Amino acid sequence: MDKKSSHHHTQVEPVTLVFSFTVNKGHEKEFEEWAHEITDAVRHFEGHLGSNWIRTDSNGREYVVILKFFDVEDSNKWLKSQIRKRLIKKVLPLVKEQNPNRLQNVTGLETWFTLPGRMTMKPPPRWKMVIATMIGIYPIGLLYQAYLVGYFREIPLLLRPVVLSLILTPALTYIIMPQLTKLLRKWLYPETQ
């Protein structure tokens, strides 16, 4: 029986792990070689759905890696694996004093659609989540275009979306979506009314 069919009774959520690294000056090339090595190792891991590396500064020393897994069980297997432990040990001399095991664990847009003060409930249909998210993104996009885009013209084109993401994601997660979910409660969760 394959993994997907073995989970048919419980709802499986894909898991996204986010790690950041600050590379010590002069070790950029070694770090990039290490990044290729760990990306290749995780690629062959069961349940791995993809990896993205983002360089978040112009001097090439700040990196974020985003790893996607089929479910939390697969992500935990990777986090506890011997190959990952060996590779993390190898990178420690190349990066600033920090904990590369500290991570953000995200299970998708569903986390935006939790009513405050309620136990986690069945998320709304995806098409409703898409519409609500578009409603949430619109005012931020409008403010960004009207007031902020001019300030970012000096930033290289490839980094501009990173700046927008740094504004958009926290604003949506902590301010807009909790309020919007309350406002659209009857439409998003008709069965709970």
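Any residue that is modelled with pLDDT under 85, of a type in the set (A, V, I, L, M, F, W, C), surrounded by 16 or more Cβ atoms within 10 Å (Cβ to Cβ) and over 30 Å from Y189 (Cα atoms) - is there at least one of those in the stretch 84-91?
no
Any residue in the stretch 57-78 that is under 22 Å from V15 (Cβ atoms) and without any contact (Cβ under 8 Å) to a residue 12 or more places away in the chain?
yes
So, in the stretch 25-54, exactly how many residues are assigned to a strand (DSSP E or B) and not polar (S, T, N, Q)?
5
Under 9 Å between Cβ atoms, which residue pairs at least 6 apart in sequence (or on different chains) link something in the stretch 7-31 that is closer than 10 Å to Y63 by Cα and among the polar types (S, T, N, Q) with a partner that is in a loop (DSSP other than H, G, I, E, B) and at pLDDT 80 or above?
T22/R61; T22/K96
Identify, by number, the condition in (1) farther than 30 Å from E154 by Cβ; (2) modelled with pLDDT of 85 or more; (3) outside any loop (DSSP other than H, G, I, E, B); (4) under 20 Å from the mean Cα position of the chain (by Cα) that T22 doesn't meet.
(1)
Kindly indicate whether any position in the stretch 163-172 is touching a helix residue (DSSP H, G or I) at 6+ places or on another chain (Cβ under 7 Å) and not aliphatic (A, V, I, L, M).
Scanning the stretch 163-172, I find no residue that is touching a helix residue (DSSP H, G or I) at 6+ places or on another chain (Cβ under 7 Å) and not aliphatic (A, V, I, L, M), so the answer is no.
What is the residue count in the stretch 150-193 for residues that are surrounded by fewer than 14 Cβ atoms within 10 Å (Cβ to Cβ) and over 30 Å from G60 (Cα atoms)?
10
Restricting attention to the stretch 40-52, and to residues there that are surrounded by 17 or more Cβ atoms within 10 Å (Cβ to Cβ) and of a type outside the set (G, A, S), which single residue is modelled with the lowest pLDDT?
Restricting to residues being surrounded by 17 or more Cβ atoms within 10 Å (Cβ to Cβ) and of a type outside the set (G, A, S), the top hit is H48.
Could you give every pair whose Cβ atoms fall below 8 Å, whose first residue belongs to the stretch 125-138 and is within 17 Å of K186 (Cα to Cα), and whose second residue is surrounded by 11 or more Cβ atoms within 10 Å (Cβ to Cβ) and among the hydroxyl-bearing types (S, T, Y), counting only separations of at least 6 or pairs across chains?
Partner pairs satisfying both residue conditions: A132/T181.
The values are calculated or read from the model by the stated rules, or taken from the named source; none is laboratory data. Here the structure is a predicted model, which is why all the values come from computation and not from measurement. Here the Cβ is made from the backbone with ideal geometry for all residues, glycine too, and neighbour counts use every protein chain on show.
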